[in-house]
Amino acid sequence: MKPLIAANWKMNKTVSETRAYFERFLPLVEGYDAADVLVCPPFTSLQAAREMLEGSSVALGAQNCHYEDAGAYTGEVSLPMLKELGVSFVIVGHSERRHLFNESDELINKKLLACLRHGVRPVLCVGEKKEEREAGLTFKVVETQLRLALSGAEELLSRVEVAYEPVWAIGTGTPATPEQAQEVHAFIKSLLKELNPNAEVRVLYGGSVKPSNAKAFLEQPAVDGLLVGTASLDPESFAQIVKALE
Ligand code: PGA
């Protein structure tokens, strides 16, 4: 399995900033094929990103979706809309969606199943809060999130990516240690094997990944990629992370 290095831009970059980003980023990773690369801009930049990515192997993803195909859901964006823009991945269940926008495990499950129905790969994010880790609940929280989000998706598990993103490590500058990531990733992989023994699922680490620590995460046996927020906003730093194992 090639590692997947994914950028989550969150609510950053206008259309013109998106174009300028790819003008710098694409030459830096051209011809590098030791990792799969995914960029998830905001909805408004998808069309510009798609144009810039034409002919490149960098995949395009969205940060959210609705589970219905169309209808009276003001402000929402559906999978048929995203697919027409060349989107092949959608981040589902990001901790900011869970905690700032109150997304439930049930809603996340609906979104994940909708992605699979449309042939789009969900990147399912799970992770514990600081107080949950301190209370020794990390495995329990991660297991509950995984089981609920993946309910009904067991057969299609090889079309899913999972991202372990401890909430306390996101945007804080304090990542998990590579050993902490390895421990939870190994647990996630054993759970995924239980759900579908035949599925090969990449498990990405996310939370304060930077050029200086990317390699140490990727060297862990159960870490199959990275989901990068802040450090993906700068094309040079994201390119360094993509090539961390070079
Ligand atoms: P961060 O964000 O790299 O800024 O910690 C990661 C994420 O939220 O996916």
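Read the figures in this text as sums done on the coordinates, not as results from a lab. Nothing here was measured: the structure is a model prediction, and the numbers come from that model. Positions of Cβ are generated from backbone atoms using ideal geometry, with glycine treated the same way; all protein chains shown enter the neighbour counts.
At-a-glance table
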| quantity | calculated |
| --- | --- |
| Net charge, ALA214 excluded, C-beta distance under 12 Å - Lys, Arg +1, Asp, Glu -1 | +1 |
| Approximate spin-label separation ALA135-THR14, in nm, with each point projected 7 Å along Cα-to-Cβ | 4.4 |
| Cβ-based exposure ranking for GLU84, GLU143, in which fewest neighbours within 10 Å come first | GLU84, GLU143 |
| For the stretch 87-176, with +1 on Lys and Arg beta carbons and -1 on Asp and Glu, the positive-most of THR172, CYS115, HIS94 along the dipole | CYS115 |
| Set of lysines near LYS13 by C-alpha distance (under 20 Å), chain-local residues within fewer than 8 positions excluded | LYS210 |
| Contact order normalised by residue count of the stretch 93-246, Cα under 8 Å, 6+ apart, percent | 20 |
| Sequence of THR138, THR74, THR174 once ranked by neighbouring C-beta atoms within 10 Å, starting from the fewest | THR74, THR174, THR138 |
| Projected label distance in nm at ASP234 and LEU148, using a 7 Å step from Cα toward the beta-carbon | 3.7 |
| The stretch 50-122: mean projected area of Cα convex hull, nm² | 5.3 |
| Diffusion constant of the stretch 4-242 at 20 °C, which comes from Stokes-Einstein with the Kirkwood Cα-pair radius and 1.002 mPa s, µm²/s | 120 |
| Exposure proxy order (Cβ contacts within 10 Å, fewest to most) of HIS185, HIS66 | HIS66, HIS185 |
| Additional length obtainable on full extension of the chain from TYR73 to SER158, 0.36 nm per residue less Cα span | 27.6 nm |
| Virtual spin-label span in nm between LYS193 and PHE43, 7 Å along Cα→Cβ | 4.1 |
| Helical contribution to [θ] at 222 nm, DSSP H n ≥ 4, -39,500 (n - 2.57), averaged over the chain, rounded to 500 | -11500 deg cm²/dmol |
| Euclidean distance of C-alpha centroids, the stretch 99-164 and the stretch 180-221, integer Å | 14 |
| For the stretch 73-177, alpha-carbon Rg relative to the globular expectation (2.2 N^0.38 Å, N residues) | 1.11 |
